[in-house]
Amino acid sequence: MPVPTGEHREERVVPMRLQRFLARAGVASRRGSENLMTAGRVCVNGVVTTELGSKVDPSRDVVTVDGREVRMFERPAYLMLNKPSGYLTTMSDPYHRPCVATLVPTNRYPGLFPVGRLDRDTTGLLLFTTNGNAAQALLHPSRHVTKHYVALVEGVPSARELAKLESGVVLDDGPAQPARAILLTPSDELYGRVAPRRAPNGTSVVGISVQEGRKHQVKRMLAAVGHKVVRLHRDSFGPLELSRCREGAWRELDANEIAAIERIVANG
Ligand code: URA
């Protein structure tokens, strides 16, 4: 029988759907857990279980995925990576291109995956977790999680163009929600993240906050007001700020950061 461990040991549980159990245990999102089940990778008490309506009692039943036991009360892992340019946000690549999986300790934290995506050439804060539920919540538009980016762009956006970003530009897949955008100066702390030796002639540095996470969101928004992004860096994700983490390195979130993340997840 699995022995609950970790700080949530006292939580009362009742039989629940297997896919919900797997998501709560941080194996994958609900949908991902259903896929694992239908693929025949999940066993309950030694029996392969593909039936999506199946229920488990977490205090009695032994659930395994690919033969490895899953417990609901193990504390999920949360790490931040300071992503370098040149790495795909994926845990494997069929063409053997560099991907972020090689930069984080997947052996120590089985089931680790990135929360959302950064483009291959984007640098900065990428959150990883083993908690599928938390990832789903953090990425859901209803949670309005703000992401802040610093962009080196061609040209110098005018006040009018920045105001356009703030009122919501139209992208080819629909209007973007209003963003906050300001021109940064070399004295701004974040300026150096994309222009360590000052922005080259004909370029400037913009700080932009968005809540959406569509593909190439920031690059497309800045392009929509006439400024191609040359370099893009994310310095915050919701309550998390990129700190104590040099480029290419990862660290575990501290207790305050985890509490802040879990507050967002709980307040859905
Ligand atoms: N917006 C982009 O255009 N690219 C990223 O990597 C992240 C946000």
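Each reported figure results from applying straightforward, stated rules to the coordinates on display, with no laboratory input. What you are looking at is a predicted structure, and each value in this text was computed from that prediction instead of being measured. Positions of Cβ are generated from backbone atoms using ideal geometry, with glycine treated the same way; all protein chains shown enter the neighbour counts.
Taken about its Cα centre, the stretch 16-70 carries a charge dipole of roughly 220 debye when the Cβ of each Lys and Arg holds +1 and the Cβ of each Asp and Glu holds -1. Each listed q (0.22, 0.25 Å⁻¹) maps to a log10 I(q)/I(0) for the stretch 146-237, found by the Debye formula over equal Cα scatterers with no solvent: -1.07, -1.37. Each of Asp188 and Ser167 was given a label point 7 Å from its Cα along the Cα-to-Cβ line. The distance between the two points is 2.2 nm. Annotation: lysines with alpha-carbon distance below 24 angstrom to Lys147 (same-chain offsets under eight excluded): Lys83, Lys164, Lys215, Lys219, Lys228. What the Cβ-Cβ distance of Asp254 and Arg220 gives, at R0 = 45 Å and to the nearest 0.05, is a FRET efficiency of 0.85.
Per residue, the chain reaches -5500 deg cm²/dmol at 222 nm when only DSSP H runs of four or more residues are counted, each adding -39500 (n - 2.57). Using every pair of distinct Cα positions in the stretch 60-120, the Kirkwood expression returns a hydrodynamic radius of 13.5 angstrom. May I ask you to list the residues of the stretch 145-179 whose amide nitrogen lies under 15 Å from a point 7 Å from Cα along the Cα→beta-carbon direction of Glu247? Label zone hits: 150-152. Computed packing ranks the peptides 126-137, 186-197, 33-44 as 126-137, 33-44, 186-197, most packed first, by mean other Cβ atoms within 10 Å.
Only alpha carbons enter this Debye calculation for the chain, each as an equal point scatterer, and the log10 of I(q)/I(0) it gives at q = 0.12, 0.17 Å⁻¹ is -0.79, -1.30. Rounded to the nearest 0.05, the FRET efficiency derived from the C-beta distance between Asp121 and Ala266 at R0 = 35 Å is 0.50.
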